[in-house]
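Student: The structure is given below, and queries will be raised subsequently.
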């Protein structure tokens, strides 16, 4: 979602990062490690922006 918004607000960005981390944790619990890593990496990229 943040990729489609030109300049998301800080609050929106933090919410998206938290959501991606939660999705990553869910995939990790389901042993879907490739998907978990993908979500964690996306959240880290957004956090650096």
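Student: Please determine, by comparing only the residues of segment 34-49 that are exposed (fewer than 11 other Cβ atoms within 10 Å of the Cβ) and touching a helix residue (DSSP H, G or I) at 6+ places or on another chain (Cβ under 9 Å), which one is modelled with the highest pLDDT.
Tutor: Only one residue tops the list, namely 34.
Student: Another question about this same structure. What's the total number of residues in segment 6-28 that are in contact (Cβ under 8 Å) with a residue 12 or more places away in the chain, within 13 Å of residue 38 (Cα to Cα) and over 8 Å from the mean Cα position of the chain (by Cα)?
Tutor: 1
Student: For the structure I just gave you, tell me whether residue 3 is out of contact with any strand residue (DSSP E or B) (no Cβ under 6 Å at 6 or more places or on another chain), modelled with pLDDT under 95 and either surrounded by 15 or more Cβ atoms within 10 Å (Cβ to Cβ) or in a helix (DSSP H, G or I) (or both).
Tutor: Criteria not met by residue 3.
The values are calculated or read from the model by the stated rules, or taken from the named source; none is laboratory data. Just so it is clear, the structure is predicted and the values come from calculations on it, not from any experiment. Backbone-built Cβ (ideal geometry, glycine too); neighbour counts: all protein chains shown.
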